[in-house]
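The values are calculated or read from the model by the stated rules, or taken from the named source; none is laboratory data. Remember, it's a predicted structure, so these values are computed and weren't measured experimentally. When we count neighbours, we look across all protein chains shown, and the Cβ atoms used for this are built from the backbone with ideal geometry, even at glycine.
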Amino acid sequence: MKINVLINGGNRPKDLERLLQSLMAQIRRPDSLCILIHPRDTESGKLIETLVGSAISWTLVYKDHSGPMAAMQKALQMMTCDVVAFTHDDAAPRVDWLEKVASTLISKPECAGVGGRDLPVSAFSQNLPPVQIVGKVTWYGKIITQYHLPCIGGRNVDFLSGVNMAYRHDILRTTGLNQCLQWQQDTCWHWELALGMALKEQGWKQWYDPEMVVEHYPGKLFSEQKDSYWSAAARKRAFNETYILMKYLSIFGRFFCMFYALLIGSRDSYGFVQCFRHWPQEGNLALRKWMDTMRGRYAGMATWLYPGSCQGLQE
């Protein structure tokens, strides 16, 4: 089984150095590395040459104006392998990561992919209680991640974490990555959800193993805003969430999902109730967040209803 690792880079050489060291230390080394970097990133290539050299074959794929989804799709088309493992440059897989990927996919031919725990550095010393639900979407559209929390035993899930997941290459190439999703430089919200729901619709299973651990040291985003609120991010997050859920939920699920989203919302995407709740503390900012979310929801609904309206232009 040939395993390639696809790394989503964010112009963070120090983080990338830690990741490369963890990949070189794998019990089962990757057969090839594919690193997505920015055209302005002049350090990563030199770093990879120094740390990896010829020990593992590697390729750089540059992110251009087409965005990260197009770059990932291009990388998938270039690869010749059996399995593609995804992670980020600010992560550090444990030494048995790829060994567990290979053994699980061999033993579970019914599974298109396998993933594991996304363990943030802030949780290293915490004794957190285990959770029962991981990586699920309820019939009414509630998205439950909880990959950062402990759970007991492996289970089938609806989608996996983009920092710790691996899929069979032939299935990825056939299914493709959703190019209608909106993105902003480094970030494309919910792309893993879109992939997982597409595979679930096809009848494939996805397996989550909490013992398959990738340690996560969340780094600064290349595109991160200096202020505390980012209008474009709120709009595009709401767009992607709405578009994906409308695409894959049942008729009744869509109705209840949008009713809840528009009336109540969440801490990231305000509905009317969240706007009213946060008004005393945030004032006009709460109204701004609500309006940005509504714009994203409207655009997401329009793209679901009229797929030809999918726009490639991003900020």
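Tell me, which helices (runs of 4 or more DSSP H) lie completely within segment 211-305 with 2 or more residues that are within 24 Å of the chain's Cα centre (by Cα) and farther than 30 Å from PHE124 by Cβ? Show your work before the answer.
Working: elements: 231-248, 251-263, 272-282, 284-305.
Per the criteria, 231-248, 251-263, 284-305.
Across segment 87-141, what is the total count of residues that are in contact (Cβ under 8 Å) with a residue 40 or more places away in the chain and part of a helix (DSSP H, G or I)?
10
In the set PHE159, PHE124, which member is assigned by TED's automatic domain parsing to the domain that holds LYS205, over 29 Å from MET1 (Cα atoms) and aromatic (Phe, Trp, Tyr)? Steps first, answer last, please.
On the way: PHE159 fails: over 29 Å from MET1 (Cα atoms).
Just one listed residue meets the conditions, PHE124.
For residues that are surrounded by fewer than 20 Cβ atoms within 10 Å (Cβ to Cβ) and of a type in the set (Phe, Trp, Tyr), tally how many sit in segment 262-303.
Here the count works out to 4.
What is the residue count in segment 184-208 for residues that are crowded, with 20+ Cβ neighbours inside 10 Å, acidic (Asp, Glu) and at pLDDT 95 or above?
1
For segment 57-86, which positions are part of a helix (DSSP H, G or I), of a type in the set (A, V, I, L, M, F, W, C) and free of Cβ contacts under 8 Å to residues at least 60 places away in the same chain?
Pass one, segment 57-86, residues part of a helix (DSSP H, G or I): 68-78.
Next, from what is left, pick out any that are of a type in the set (A, V, I, L, M, F, W, C): 69-72, 75-76, 78.
Residues satisfying the conditions are ALA71, MET78.
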